[in-house]
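The block underneath contains the structure these notes are about, expressed in structure tokens.
Only the coordinates and a few stated rules stand behind these numbers; no lab work does. It should be emphasised that the depicted structure is a prediction, and the values quoted were computed from it without experimental measurement. Glycine also receives a Cβ, built like all others from the backbone with ideal geometry; neighbour counts cover every protein chain displayed.
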Amino acid sequence: MITLNDYLFVSIALFSLGLAGIIVRRNILVIYMCLEMMLSAANLALVAFSRFRITDGLPDYSAQALVFFTITVAAAEVAVGLAIIVALYRSKRSVDVESITKMNG
């Protein structure tokens, strides 16, 4: 039987990998994917808490509706974020964070 702790362990592991990827990597695309992994880890924890919260003998699925809206906003965020990354690449000819943060042309 899978318990709440199992779901939370996987969520913590995904969030930690995403955080490590943001700290260690210098490629803006990889950093963006790590941010999305952290968002997915938070959504997994929210769904797990929602599933294991029993109300009137049934699981409380209200938090899963929040996850649906979070995923919808994340899809819009991906479109805007990738457009920004493409614009940065066109102007700087690189996706390296160090070259993007330099102020000179």
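Before moving on, here are some points about what is shown:
- In summary, helices (runs of 4 or more DSSP H) completely within the chain and bearing 2 or more residues that are surrounded by 14 or more Cβ atoms within 10 Å (Cβ to Cβ) and without any contact (Cβ under 8 Å) to a residue 60 or more places away in the chain occur at 4-24, 28-52, 62-92.
- No other residue among Leu58, Leu44, Leu66, Leu39 is out of contact with any helix residue (DSSP H, G or I) (no Cβ under 9 Å at 6 or more places or on another chain) and farther than 18 Å from Glu98 by Cα apart from Leu58.
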